[in-house]
Amino acid sequence: MSSFFLTTAIDYVNSRPHLGTAYEKITADVIARYHRLKGDGTWFLMGNDEHSQNVFKRAQEQGKDPLAYCDEMEQIFREVWRGLDISFDDFIRTTDRRRHFPAVQRMAQACLDNGDIYEGTYEGFYCVGCEEFKPEKDLVDGLCPIHKTKPEWIKEKNWFFRLSKYQQPLLKFYEEHPSFIEPEVRRNEILRFVEGGLEDLSMSRAGQSWGIPLPFDPTSVVYVWFDALINYAAAAGYGWDDAQFARRWPANLHIVGKDITRFHCVIWPAMLMSAGLPLPGQVFGHGWVFFKGERMSKTMGNIVDPLDAAKRFGPDPLRLYLTKEVVYGADGDFTWERFEEKYNADLANNLGNLVNRVAAMSERYRQGRLLARGGESLATIAADATSAYRKAMDGLALHEGVAAAYRLISAANEYIAETQPWSLAKDPAKAEQLSGVLYDASEAVRIAAVLLLPVMPSSAAEILRRLGDTTAPGNLRFDTAAAWRASGERGILNAGALWPRLEDKGAITVSETTPTAASGSPAPAPAAPAAPSAPVAPPAPDAPAIDSDKITIDDFMKVQLKVAKILEASNVPKSKKLVQLKVDVGEAEPRTILAGIAESYQPEQLVGRTIVVVANLKPAKLMGIESNGMVLAASPEGGGALLLNAEPAVPGTRVR
């Protein structure tokens with residue numbers, strides 16, 4: 001069994017985590033869970049960065065001792081990570097005197113002993129938000145490009161780390177280890193930066209008590225960036241447990257935001273080189289998640305609390321959205337409207353509907369017991385999906401991994417539409433074929449659930465439970481669990497909808513810290529002009545009512561328009577206008593709908609077309625046949641023209 005040591009950046013605790021912070025932790029957790037699924041001995045480290053002057057100031061503002069404030073914030077951070085189902089194995093704080101203090105002091109002494117720390121005077125621009133000195137060339141209109149604030153001019157005695165010494169060793173290391181920095185855009189940025197020349201960096205602050213004292217100068221504390229980076233080695237045992245450190249170090253992967261890749265790809269490896277320690281295997285600099293195109297910040301007033309979505313729907317829909325919708329390594333965007341749209345499309349309509357159909361048909365036709373028949377079509381697709389998934393996940397293309405799982409889900413939906421189990425159930429001679437179809441569909445769903453375990457751990461585990469897989473999710477291993485099972489029997493549990501659709505406006509509620517009026521609360525576009533705020537004189541008695549034929553968005557939302565696929569079509573005897581359709585609307589069995597389109601279409605023209613129907617219309621009998629729904633069609637003179645769904649969609653998808 002191979003080992004895998006994964007870390008995220010540690011977080012400032014001057015405010016609670018927002019969605020951008022959570023994105024890093026969720027994606028790192030997906031990676032950690034994937035490696036556990038592969039059987040790797042995984043150790044996943046997270047933590048808090050507490051020696052920041054911003055943290056010290058926030059504690060002062062609240063009249064609290066800094067350490068007591070950090071203790072409180074640790075609980076807040078842990079609560080958020082629990083709410084998002086983050087499975088870290090260790091959590092380190094930079095105020096940890098048992099582990100972090102000795103590690104920082106040992107590394108500072110090692111760098112000094114190697115001739116890489118010297119005393120001098122620093123004068124320059126200092127960004128309080130970044131906790132970093134900024135070269136004037138990096139400022140934009142005199143402002144920090146990240147925080148849009150004017151840096152302070154500071155002059156003080158400092159100790160310096162001789163970073164300039166490591167320009168060529170770093171370039172040589174990058175050349176010999178081309179995958180050390182990912183994705184490629186980050187690698188190119190760092191190469192250009194280092195090739196442009198490196199300057200020595202201040203690594204201490206004088207006259208401060210909040211921090212770790214330098215072992216060779218107790219009047220100065222270690223500067224926050226030098227302090228914080230050492231957390232990865234400190235948690236592994238550096239400076240306090242050499243045997244453990246030898247087993248765990250180096251880290252295989254650092255997951256960090258693109259704004260701090262320079263620290264992790266330039267300064268951190270130079271520090272390790274100076275201290276004579278092995279370098280990490282890889283640094284992955286992910287992009288930012290914006291809110292409506294803007295980076296989240298308290299100043300902008302656009303903070304999104306990730307627990308708002310997690311408390312409403314559980315953590316899995318948010319985890320899926322952030323993993324599936326954001327290309328890993330690039331920037332992404334979040335809006336509540338888009339989140340609701342993808343929740344309905346990916347979960348309620350697609351995966352959730354598939355699980356429900358398989359379970360409902362298995363219960364109805366086979367009392368929940370299915371026997372394998374060794375099908376080939378879905379088995380081949382499943383093998384291709386698992387291969388693509390593994391390649392993507394190993395390459396940290398998380399979005400492609402999820403896409404591979406969803407290709408299998410879509411194939412299973414199409415398989416049901418093509419094989420029509422409800423028709424097979426009517427022919428006793430096709431009983432064995434029906435059993436095989438249901439088993440194959442359930443097996444495709446089972447494998448898709450295994451692939452989604454790292455992304456949606458609770459939901460995928462529940463799907464597996466409903467499909468009769470009794471193995472504890474933590475004991476599943478990819479090579480066996482994601483392989484097609486061509487023999488055996490399974491019991492299927494029909495337990496209702498996993499993800500009920502969001503039908504009403506305001507289905508997603510946001511916290512008071514999240515903007516609402518112009519912000520994150522989903523607000524469907526009004527179907528009619530909004531009512532005026534000032535009183536309006538009523539119309540004259542004989543005047544027609546103004547807009548009396550208009551309806552509200554609430555009225556419209558009562559009508560359930562759904563995508564349907566025409567499975568069969570035939571003329572209705574003794575009727576010149578009616579065609580009898582059998583349509584798949586994403587339920588256990590197809591519906592019969594009569595449509596007045598016989599003057600426009602021959603029945604054979606209709607089979608296989610994807611249309612839109614009113615799905616919640618009360619049944620009505622026409623020509624002695626019960627019609628359960630209504631087909632949407634324009635009504636020009638002489639017949640009806642079907643309103644076809646332009647883009648292929650899963651039957652049952654809501655049209656809005």
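A short reminder: the numbers here are calculations on the coordinates, not readings from a lab. As the structure is a computational prediction, the values presented were derived from the model and not from experiment. Counting neighbours? That spans all protein chains shown, and the Cβs are built from the backbone with ideal geometry, glycine included.
Couple of notes before you dig in:
- Gyration tensor (alpha-carbon) shape descriptor, segment 190-268, a/c threshold 1.5: oblate
- Annotation: amide H of residue 289 within the under-5 Å range of 332, sequence separation 5 or more or interchain, hydrogens built in the peptide plane.
- Mean Cβ count within 10 Å, highest first, over the residues of peptides 204-214, 280-290, 239-249: 280-290, 204-214, 239-249
- Under 14 Å, Cβ to Cβ, from residue 150 - net charge with Lys/Arg +1 and Asp/Glu -1: -2
- In percent, rounded to a whole number, the relative contact order of the chain is 12, using alpha-carbon pairs under 8 Å and six or more apart.
- Sorting 480-487, 106-113 by average packing, meaning the other beta carbons within 10 Å per residue, from highest down gives 106-113, 480-487.
- Cross-link table 165/324; 148/172; 324/550; 165/292; 550/577; 38/430, entries beyond 32 Å C-alpha to C-alpha: 165/324; 148/172; 324/550; 165/292; 38/430
- Karplus (6.51, -1.76, 1.60) ³J(HN,Hα), θ = phi - 60°, over segment 11-19, in Hz, Gly and Pro reported as x: 9, 4, 10, 7, 7, 6, x, 10, 4
- Calculated [222 nm] ellipticity per residue, helices only, for the chain: -11000 deg cm²/dmol; basis is -39500 (n - 2.57) per DSSP H run with n ≥ 4, divided by all residues, nearest 500.
- Here the Karplus relation 6.51 cos²θ - 1.76 cosθ + 1.60, evaluated at θ = phi - 60°, turns the backbone of segment 475-492 into coupling constants of 9, 6, 10, 3, 4, 9, 5, 8, 8, 5, 9, 8, 9, x, 10, 9, x, 10 Hz, with x for every Gly and Pro.
- Three-way shape call for segment 90-208 based on the alpha-carbon gyration tensor, with the a/c threshold at 1.5: rounded
- Cα-based shape type of the chain, given that a ≥ b ≥ c are square roots of the gyration tensor eigenvalues and the cut on a/c is 1.5: prolate
- Taking all Cα pairs closer than 8 Å and separated by 6 or more residues, the relative contact order of segment 32-191 comes to 18 percent.
- Proximity of backbone amide H atoms, modeled 1.01 Å from N, is registered between residue 369 and 492 at under 5 Å, excluding neighbours fewer than 5 places apart on the same chain.
- Loop-located chymotrypsin sites (Phe, Trp or Tyr not before Pro) in segment 315-379 (DSSP state not H, G, I, E or B) with no more than 10 neighbouring Cβ atoms inside 10 Å do not occur.
- Per-residue Cβ neighbour rank within 10 angstrom, fewest leading, 566, 381: 381, 566
- Between 0 and 90°, nearest 10: helix 315-325 axis offset from the chain longest Cα axis: 90
- The longest stretch of the chain left intact once loop-based GluC sites (Glu not before Pro) with at most 16 other Cβ atoms within 10 Å are removed from consideration, loops following DSSP, is 1-198.
- Among 592, 121, a tally of other beta-carbon atoms within 10 Å of each Cβ gives an order, fewest to most, of 121, 592.
- Taking 572, 30 and counting other C-beta atoms within 10 Å, the order from fewest to most: 572, 30
- Within a straight-line Cα-Cα reach of under 16 Å, residue 562 can be paired with the following aspartates and glutamates, leaving aside sequence neighbours fewer than 8 residues apart in one chain: 341, 346, 503, 504, 584, 587, 589, 647.
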